[in-house]
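Values in this text are rule-based calculations from the coordinates and carry no lab data. Predicted model only: the values in this text are computed from it and were never measured. Here the Cβ is made from the backbone with ideal geometry for all residues, glycine too, and neighbour counts use every protein chain on show.
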Amino acid sequence: MTFLTRRYSFSASHRLHSAELSGEENARIFGKCNNPFGHGHNYSLEVTVGGEIDPRTGLVAPPAALDASVQGAVLSRVDHRDLNADVPEFASLVPTTENLAIQISRWLRDEWMRRAAANGASQALAAARLVRIRLEETGSNSVEMQFHELQNKD
Amino acid sequence: MISITRKAEFSASHFCSSPFLTEEQNRAVYGKAANPNGHGHNYVVEVTVEGEVDPVTGMVMDLKELKGVLERLVVEPFDHRFLNREVPPFDRITPTPENIAREIWRRLAPELNQGRHRLARVRLYETPELYVDHSERGPVE
């Protein structure tokens, strides 16, 4: 089995605040991230796909098709956006790194299902299995999400 | 079971083109990497060996020995070479990062699957933004 990992980056702002917690609890749990005006990060996203090496191309997945998928399914939704205000999924869900990783996994899974139903290069990419994403909020803070775990809870 | 990982680097040129595809298809699949004059990368390879710690030496494997194996079987034949022209089997097999990782596995496995340790994983970075993990590990005895 061979795994291909590609790294992407995007910049976004957010505010961590839960409507189910009091103002004091929000301040205590989220600390500086609860600042009402929000703040931003340069996120780094690693996407890992796995499969057998195609004997004709030598590839597990065509990098250009992978890039186009991640661009369409993820980066176009979050890059240079405010997660709370611009991304409908976070209108009432706290955009922690954990929740953002789960949401990115869902977007990618849906993109893969679309590609499996399509033809040509789209289908070739979908032949590679989505394995894992790793989302870094800062250089010292990251979350990992396995796609087989997503299926259990969704 | 403990695993140890050693890193080595080599710089090489390559291009990606499959004899099974037309020129147009090669351009579509590999993009700029299909330029037949080639281009280069600073490759980084991380080799992971796993096994039980030797009770006498406290080692899974002598790191100097692992360094020597990487130097002899990977760095020496690959460094400052044009992979497609100078390093078989890439005269016949497209030197994608997937195929390079698999070739490194095949070169290393016979030497590293000895005694108490075995090759667990080959990770090959083509750029800091792209890496491949390859493993053909069979069942542990």
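Points worth noting:
- Shielding by other protein chains, B:121-131, mean Cβ within 10 Å: 3
- Inter-part distance where the range A:80-141 and the range B:16-47 are each reduced to a Cα centre, Å: 28
- Between helix B:97-112 and chain B: long-axis angle, C-alpha atoms, 0 to 90°, nearest 10: 30
- Placing unit charges on the Cβ atoms only, positive for Lys and Arg and negative for Asp and Glu, gives the range B:1-138 a dipole magnitude near 80 debye about its Cα centre.
- Stretch gain in nm, segment B:Glu129-B:Thr22, where the contour uses 0.36 nm per residue and the Cα spacing is subtracted: 35.7 nm
- Partners of B:Lys32 within straight-line reach, counting aspartates and glutamates whose Cα lies under 17 Å from its Cα and excluding those fewer than 8 residues away in the same chain: A:Asp67, B:Glu23, B:Glu24, B:Glu126, B:Glu129.
- Counted charge near B:Gly51, where neighbours are those whose Cβ lies closer than 10 Å (Asp, Glu -1; Lys, Arg +1): -1
- The trypsin sites (Lys or Arg not before Pro) found in the range B:1-104 that occupy coil by DSSP, while having at most 10 further C-beta atoms within 10 Å, are B:Arg92.
- Over chain B, relative contact order from alpha-carbon pairs under 8 Å, at least 6 apart, %: 30
- Cα lying deepest toward the dipole's positive end in the range A:1-71, options A:Ala65, A:Asn35, A:Ala19, charges on Cβ: A:Asn35
- Distance in nm between pseudo-label sites at A:Glu20 and A:Arg56 (7 Å out along the Cβ direction from Cα): 5.0
- For the protein assembly as shown, a simple Cβ point-charge model (Lys and Arg +1, Asp and Glu -1, everything else neutral) yields a dipole of about 380 debye relative to the Cα centre.
- Among the GluC sites (Glu not before Pro) in the range A:59-151, none sits in a DSSP loop with a Cβ that has at most 16 other Cβ atoms within 10 Å.
- DSSP bridge orientation in chain A - percent antiparallel, rounded to nearest 5: 95
- Subtracting the Cα-Cα distance of A:Asp110 and A:His148 from their residue separation scaled by 0.36 nm leaves 12.3 nm.
- Per-residue packing, averaged as other Cβ atoms within 10 Å, sorts the ranges B:51-62, B:9-20 into the order B:9-20, B:51-62, beginning with the highest.
- Only Lys, Arg, Asp and Glu carry charge here, each on its Cβ (+1 for the first two, -1 for the last two); on that basis chain A has a dipole of about 360 debye about its Cα centre.
- Ratio of the Cα radius of gyration of the protein assembly as shown to 2.2 N^0.38 Å, where N counts its residues: 1.15
- Shielding by partners, peptide B:10-19 (average Cβ within 10 angstrom, other chains): 1
- Seen from all directions on average, the range A:1-72 presents a Cα convex hull projection of 7.1 nm².
- Relative contact order [Cα under 8 Å, 6+ residues apart], chain A, whole percent: 29
- Kirkwood estimate for the range B:1-130, i.e. one over the average of 1/r between Cα atoms, Å: 15.8
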